[in-house]
1. Hey, what number do you get for the chain at 222 nm if only DSSP H runs of n ≥ 4 count, each worth -39500 (n - 2.57), divided across all residues, to the nearest 500?
2. So with the 1.4 Å probe, I'd like the accessible area per residue for the chain, rounded to whole Å².
3. Can you pull the percent of the chain's accessible area that's carbon plus sulfur, 1.4 Å probe, other chains left in place?
4. Which order, highest average first, do 58-64, 93-99, 1-7 follow once you tally other Cβ atoms within 10 Å for each residue and take the mean per peptide?
5. Starting from the Cα-Cα distance between Asn49 and Asp31, subtract it from 0.36 nm times their residue separation and give me the gain in nm to one decimal.
6. What nm value, rounded to one decimal, do you get for the distance between Tyr14 and Thr73 when each label is placed 7 Å out toward the C-beta?
7. Using only Cα atoms, figure out Rg for region 54-100 and give it as a multiple of 2.2 N^0.38 Å.
8. Determine by what factor the alpha-carbon radius of gyration of the chain differs from 2.2 N^0.38 Å, reporting the quotient.
Amino acid sequence: MQIISGKKRGLKLYPLSGKNTRPTMTRTKKDIMNIIMNSQLRNYLVGKNVADLFAGTGNVGLEMISLGAKQCTFFENDKQAIKTLKQNIKKTGFENTLIM
């Protein structure tokens with residue numbers, strides 16, 4: 001699992017072990033980011049605050065920050081996922097994010 005575009009492109013993220021969460025598939029994430037970046041939605045992302053619901057490892061939210069979002073609020077309740085999410089936030093250097 002890695003950041004696929006933006007400032008942190010290619011940065012590998014820490015995975016989450018166990019079966020409590022399922023990461024967003026790379027193909028699905030690519031499709032979502034292509035829709036955003038190749039449309040007028042890009043103007044709504046850059047410099048804005050975003051949310052990553054059911055964040056898991058933070059894969060999608062960190063991708064959005066890499067593409068230019070100002071900040072992401074992550075929502076997650078699994079303790080192991082929160083631990084991994086914090087590690088990934090630190091690894092990317094996007095400490096201006098919030099975990100709820």
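The values are calculated or read from the model by the stated rules, or taken from the named source; none is laboratory data. The structure displayed is predicted, hence computed values, not measured ones. Note that we place each Cβ from the backbone using ideal geometry, even for glycine, and neighbour counts take in every protein chain shown. Note: accessible area is taken over every heavy atom of the protein model, side chains too, but ligands, DNA and RNA are not part of it. Shrake-Rupley method; radii C 1.70, N 1.55, O 1.52, S 1.80 Å.
1. On the way: 4 runs with 39 residues, N = 100.
-11500 deg cm²/dmol, from helical runs alone.
2. Computed with neighbouring chains in place, this is 64 Å² per residue.
3. Of all accessible area on the chain, carbon and sulfur atoms account for 53 percent.
4. 58-64, 1-7, 93-99
5. Here the answer is 4.4 nm.
6. Label-label distance for Tyr14 and Thr73, simple model: 2.5 nm.
7. Ratio of Cα Rg to 2.2 N^0.38 Å: 0.99.
8. For the chain, the normalised Cα radius of gyration comes out at 0.99.
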